[in-house]
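The values are calculated or read from the model by the stated rules, or taken from the named source; none is laboratory data. Please read these numbers as outputs of a predicted model, since none were measured by experiment. Cβ placement follows ideal geometry from the backbone for every residue including glycine, while neighbour counts extend to all protein chains displayed. The area values use the complete protein model at the heavy-atom level, side chains included, leaving out ligands, DNA and RNA. Shrake-Rupley method; radii C 1.70, N 1.55, O 1.52, S 1.80 Å.
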Amino acid sequence: MSFGSVIRERRTALGIGLNDFAVRLEISAAYWSRIERGQENPPRDQLIERAAAILGVRLDDLFVEANRLPPDMKRDIPRVILAYRRMRAFGVK
């Protein structure tokens, strides 16, 4: 699944309309529709954070769907890489 389809699936399951969701995010419905349809890349970090809060999903899960690190991990890339390498060395997937 793509970032947009994950968002759309959760949004519709909660009964939140596209226009209402866009208003809550303070962006245009047309822009968000393009994201959900995969015509735009995942949005900036702040919008992903707000979307996670509105949808009640784990923030890390949405960043994984967006194929990027959450902001707190970006600030500490060396430690993130070290932790990842250690996990891989011990066979943790």
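A few notes on this one:
- From the list R44, R11, the one residue that fits, being over 12 Å from the mean Cα position of the chain (by Cα) and among the charged types (D, E, K, R), is R11.
- Pick from segment 83-93, criterion part of a loop (DSSP other than H, G, I, E, B) and open to solvent by 90 Å² or more (accessible area, probe 1.4 Å), ranking: nearest to F3 (Cα to Cα): K93
- Counted residues, segment 31-46 - those being part of a helix (DSSP H, G or I) and open to solvent by 60 Å² or more (accessible area, probe 1.4 Å): 2
- If you filter segment 1-15 down to residues that are surrounded by 15 or more Cβ atoms within 10 Å (Cβ to Cβ) and of a type outside the set (F, W, Y), you find that the one that is modelled with the lowest pLDDT is S2.
- Among (1) within 17 Å of S2 (Cβ to Cβ); (2) among the β-branched types (V, I, T); (3) surrounded by 15 or more Cβ atoms within 10 Å (Cβ to Cβ), the one test that V80 misses: (1)
- Within segment 47-68, being in contact with a Phe, Trp or Tyr (Cβ under 9 Å, 6 or more places away or on another chain), open to solvent by less than 60 Å² (accessible area, probe 1.4 Å) and either part of a helix (DSSP H, G or I) or over 27 Å from A29 (Cβ atoms) (or both) holds for L47, I48, A51, A52, I54, L55, L62.
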